[in-house]
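**Q** One structure is given below, represented as structure tokens, and several questions about it will come after.
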Number of protein chains: 2
Amino acid sequence: MIIDCHGHYTTAPKELQAFRNAQIAGLDNPALTPSLDSLKISDDQIRESLEGAQLKFQRQRGTDVTIFSPRASAMAHHIGTERTSQDWTRICNDLIHRVCGLYPKNFVGVCQLPQSPGVPPQHSIHELERCVKELGFIGCNLNPDPSGGHWTAPSLTDKHWYPFYEKMVELDVPAMVHVSSSCNPNFHATGAHYINADTTAFMQFIESDLFKDFPTLRFIIPHGGGAVPYHWGRYRGLAQDMKRPPFSELVLKNVYFDTCVYHLPGIELLLKVVPVDNIIFGSEMVGAVKGIDPETGQYFDDTKRYIDQIPHLSKEDRYKLYEGNARKVYPGLAKHFPQ
Amino acid sequence: MIIDCHGHYTTAPKELQAFRNAQIAGLDNPALTPSLDSLKISDDQIRESLEGAQLKFQRQRGTDVTIFSPRASAMAHHIGTERTSQDWTRICNDLIHRVCGLYPKNFVGVCQLPQSPGVPPQHSIHELERCVKELGFIGCNLNPDPSGGHWTAPSLTDKHWYPFYEKMVELDVPAMVHVSSSCNPNFHATGAHYINADTTAFMQFIESDLFKDFPTLRFIIPHGGGAVPYHWGRYRGLAQDMKRPPFSELVLKNVYFDTCVYHLPGIELLLKVVPVDNIIFGSEMVGAVKGIDPETGQYFDDTKRYIDQIPHLSKEDRYKLYEGNARKVYPGLAKHFPQ
């Protein structure tokens with residue numbers, strides 16, 4: 001079984017964006033604010049939005065299940081108020097739930113959170129519980145920068161986040177550290193802000209004793225861990241200079257990288273430096289990079305193809321990458337896909 | 001000849017930091033502000049600060065010249081006013097000039113700039129001209145985020161920076177894109193802020209037509225280009241999706257990466273994906289990572305050792321990495337080291 005831990009519903013029917021546009025228009029003119037039940041999307045529309053995209057690629061690439069969440073760039077926690085974020089989040093998560101209901105063999109849900117700048121993370125607990133307990137979701141996407149590129153929230157290792165982490169631990173669900181779009185013109189969303197957030201989160205984890213406080217808390221750092229594997233020596237060296245414990249103790253029981261790295265040399269590096277126990281297959285399909293690489297004739301984001309080119313990958317390691325590690329990090333998978 | 005394009009005076013005599021501390025104390029109590037000529041550092045102190053550090057490592061590692069600039073993390077353009085930055089910058093650059101005067105075969109200068117949040121970049125032109133024309137410096141360090149982690153300045157490709165770029169072109173000197181310390185608690189300076197800035201700058205360049213406007217403008221992106229080489233496929237794919245020209249045309253005549261990547265697999269990746277014409281040897285010695293890698297028994301930042309382990313590196317490519325590309329990007333080198 002091949003589990004892709006990183007997919008967003010980037011192909012949702014256009015009615016979803018129309019709802020969002022109306023919601024944003026309502027920030028200036030409340031009369032335009034749509035009611036939650038005004039969004040009408042049929043099952044057929046959902047099927048159509050997936051059949052020619054995620055489902056087609058699953059079949060073509062030979063993957064089985066995608067751990068699926070709302071479009072990350074559209075979370076845009078910086079827009080509007082906490083209420084804006086709550087309504088938008090609920091709409092988006094409910095749509096993921098419908099996807100998973102229509103295709104229970106192909107998708108399992110991970111939720112967006114109703115974060116908002118300056119709002120305590122514990123305000124996201126209710127939606128996390130609803131998604132996990134009522135909708136069968138198995139994790140969440142946690143935005144370390146709800147301001148959208150201004151980085152005004154405390155570090156992920158600050159006690160600010162602890163009440164939310166307590167709930168994650170209680171529910172036994174992991175979080176993917178995933179920012180959204182950037183309203184800071186310095187940062188291109190998928191080309192800078194995403195990757196910077198990944199790098200930033202890892203360094204925050206190295207500096208702190210977060211995982212002493214939460215020994216079972218688990219994070220997935222997407223996009224291959226940002227810059228971290230490429231600079232693995234730098235990070236080992238920085239930690240050593242700071243007299244931190246070895247990575248095996250400091251972060252490797254709690255932090256995992258996905259394989260969203262869109263060329264073979266990058267995947268080779270990732271598998272060479274990061275222990276295989278800390279790598280989970282992911283593609284972010286259909287996501288940041290949609291085209292075909294002229295150098296290979298294949299989709300940039302067909303990351304399975306790169307992994308399958310790695311020589312001497314043992315059967316055991318292959319299992320870990322494609323299934324075993326995902327089952328370990330997302331225990332909720334077992335309910336949907338018993339072994 | 002082996003030229004290290006990236007070294008900072010991290011070992012300056014303690015009087016320099018004492019001056020800075022007094023300068024910062026003077027922000028609250030102007031009576032404490034030191035005069036510029038109050039800083040007394042003898043030639044012997046300078047020699048001592050280098051003999052056991054940069055010069056020792058040059059000899060041990062077999063490198064010849066370091067392109068040398070003030071300590072990057074101490075630039076701290078966010079502290080105080082424009083005047084604070086002007087005074088501190090002048091002091092730091094003058095000290096680099098003394099280093100280069102004492103060891104003209106070992107060091108050649110690159111200047112810090114008197115940037116300050118909200119201050120137009122053309123205010124840095126005077127110091128750039130002074131350093132290049134009077135002190136014989138061959139480049140500058142340009143901070144894309146003088147706010148120190150709040151990223152309040154316009155993108156490097158914004159016309160905001162154009163007057164400064166015009167002067168760089170006129171003087172025919174490159175800039176290393178180099179942030180300083182971070183006053184945003186999200187970002188560890190050398191573990192997140194530096195690497196994020198590198199990644200951010202490259203994506204800004206991809207999005208814009210800056211190098212159409214300045215065909216001879218040249219930037220070095222340090223720390224191996226941040227996350228960029230590891231995500232080379234992502235960046236090629238993003239540019240393609242955005243219908244941008246191929247990299248050869250878009251950035252590779254103007255943007256160079258150094259080799260400050262502190263493990264062999266990272267250097268292997270860099271040399272595999274980035275054209276050798278765009279890579280310049282650098283180590284940032286003595287810099288971000290000071291320790292010895294227990295896995296190799298060698299200093300993490302001895303980047304020459306990694307390059308020398310790359311198999312099948314042709315003599316021609318080796319020359320480009322260690323000398324030729326530096327001479328191309330920093331034409332001012334020729335005055336100090338005629339071929």
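**Q** Looking only at the stretch A:276-310, count how many residues are polar (S, T, N, Q), within 12 Å of chain B (Cβ to nearest Cβ) and open to solvent by 10 Å² or more (accessible area, probe 1.4 Å).
**A** The total comes to 2.
**Q** Let me ask you something else. Search the stretch A:138-171 for residues being more than 13 Å from chain B (Cβ to nearest Cβ) and in contact with a His (Cβ under 8 Å, 6 or more places away or on another chain), and hand back the single one that is surrounded by the fewest Cβ atoms within 10 Å (Cβ to Cβ).
**A** A:ASN141
**Q** Then there's this: Filter the stretch A:31-45 for residues that are in contact (Cβ under 8 Å) with a residue 12 or more places away in the chain and not hydrophobic (A, V, I, L, M, F, W, C) and give the result.
**A** A:PRO34, A:SER38, A:LYS40, A:ASP43, A:GLN45
**Q** Also, I was wondering about something else. Give the residue, chosen from A:ASP64, A:ASP44, that is out of contact with any Cys (no Cβ under 9 Å at 6 or more places or on another chain), under 23 Å from A:MET176 (Cβ atoms) and of a type outside the set (A, V, I, L, M).
**A** Matching residue, one of A:ASP64, A:ASP44: A:ASP64.
**Q** Follow-up question, since we're still on this one. Taking the stretch B:249-270 as the region of interest, how many residues are farther than 19 Å from B:THR200 by Cα, surrounded by fewer than 21 Cβ atoms within 10 Å (Cβ to Cβ) and out of contact with any Phe, Trp or Tyr (no Cβ under 6 Å at 6 or more places or on another chain)?
**A** Final tally of qualifying residues: 3.
**Q** Separate question: Residue by residue through the stretch B:191-213, note down the ones that are out of contact with any Ser or Thr (no Cβ under 7 Å at 6 or more places or on another chain) and under 25 Å from B:PHE281 (Cβ atoms).
**A** Residues satisfying the conditions are B:GLY191, B:TYR194, B:ALA197, B:ASP198, B:THR199, B:THR200, B:ALA201, B:PHE202, B:MET203, B:ILE206, B:PHE211.
**Q** Just to be sure I understand, how many residues within the stretch B:210-223 are more than 8 Å from chain A (Cβ to nearest Cβ) and either free of Cβ contacts under 8 Å to residues at least 12 places away in the same chain or touching a strand residue (DSSP E or B) at 6+ places or on another chain (Cβ under 9 Å) (or both)?
**A** So the count comes out to 8.
**Q** Could you please find all residues in the stretch A:186-218 being within 15 Å of the chain's Cα centre (by Cα), surrounded by fewer than 24 Cβ atoms within 10 Å (Cβ to Cβ) and of a type outside the set (Lys, Arg)?
**A** A:ALA189, A:THR190, listed by residue number.
**Q** Which ones in the stretch B:172-206 are over 20 Å from B:LEU156 (Cα atoms) and either more than 7 Å from every other protein chain (Cβ to nearest Cβ) or part of a helix (DSSP H, G or I) (or both)?
**A** Residues satisfying the conditions are B:CYS183, B:THR190, B:GLY191.
**Q** Here's another thing I want to ask about it. Is it the case that some residue within the stretch A:238-247 is in contact (Cβ under 8 Å) with a residue 60 or more places away in the chain and either in contact with a Cys (Cβ under 6 Å, 6 or more places away or on another chain) or within 13 Å of chain B (Cβ to nearest Cβ) (or both)?
**A** No, the stretch A:238-247 contains no residue that is in contact (Cβ under 8 Å) with a residue 60 or more places away in the chain and either in contact with a Cys (Cβ under 6 Å, 6 or more places away or on another chain) or within 13 Å of chain B (Cβ to nearest Cβ) (or both).
**Q** Please go through the stretch A:14-45 and give me each residue that is over 23 Å from A:SER85 (Cβ atoms) and in contact with a helix residue (DSSP H, G or I) (Cβ under 7 Å, 6 or more places away or on another chain), ordered by number.
**A** A:ASP43
**Q** Could you check B:GLU129 against (1) surrounded by fewer than 20 Cβ atoms within 10 Å (Cβ to Cβ); (2) closer than 21 Å to B:SER38 by Cα; (3) of a type in the set (Asp, Glu) and say which number it fails?
**A** Here B:GLU129 meets the rest and fails (2).
**Q** I'd like the full set of residues that are closer than 23 Å to A:GLY7 by Cα, open to solvent by 30 Å² or more (accessible area, probe 1.4 Å) and in contact (Cβ under 8 Å) with a residue 12 or more places away in the chain, limited to the stretch A:311-321.
**A** Across the stretch A:311-321, the qualifying residues are A:ASP317, A:LYS320.
**Q** Being among the hydrophobic types (A, V, I, L, M, F, W, C) and within 22 Å of A:CYS111 (Cα to Cα) is the filter here; which residues of the stretch A:299-339 pass it?
**A** The answer is A:ALA326, A:VAL329, A:LEU333, A:ALA334, A:PHE337.
**Q** Here are some conditions: (1) within 30 Å of B:ALA197 (Cα to Cα); (2) open to solvent by 10 Å² or more (accessible area, probe 1.4 Å); (3) within 19 Å of the chain's Cα centre (by Cα). A:ILE91 meets all but one. Which one does it not meet?
**A** In the conditions (1) within 30 Å of B:ALA197 (Cα to Cα); (2) open to solvent by 10 Å² or more (accessible area, probe 1.4 Å); (3) within 19 Å of the chain's Cα centre (by Cα), A:ILE91 misses (1) alone.
**Q** Just one of the numbered conditions (1) in contact (Cβ under 8 Å) with a residue 12 or more places away in the chain; (2) under 20 Å from A:LEU16 (Cβ atoms); (3) basic (Lys, Arg) is not true of A:ARG83; which one?
**A** Failing condition for A:ARG83: (1).
**Q** Another question about this same structure. Against the condition touching a Phe, Trp or Tyr at 6+ places or on another chain (Cβ under 9 Å), in a loop (DSSP other than H, G, I, E, B) and not small (Gly, Ala, Ser), how does A:LYS290 come out, does it pass?
**A** yes
**Q** Residue pairs, Cβ under 8 Å, 6 or more apart or interchain, first in the stretch A:17-30 and farther than 16 Å from A:ASN93 by Cα, second outside any helix (DSSP H, G or I) and open to solvent by less than 60 Å² (accessible area, probe 1.4 Å). List them.
**A** A:ALA22/A:PRO34; A:GLN23/A:PRO34; A:GLN23/A:GLY80; A:ILE24/A:ILE79; A:ILE24/A:GLY80; A:GLY26/A:PRO34; A:LEU27/A:ILE79; A:LEU27/A:GLY80
The values are calculated or read from the model by the stated rules, or taken from the named source; none is laboratory data. Bear in mind the structure is a predicted one, so any value in this text is a computation, not a measurement. No Cβ is skipped: glycine too gets one built from the backbone with ideal geometry, and neighbour counts run over all protein chains shown. Ligands, DNA and RNA are excluded from the accessible area calculation, which covers all protein heavy atoms including side chains. Shrake-Rupley method; radii C 1.70, N 1.55, O 1.52, S 1.80 Å.
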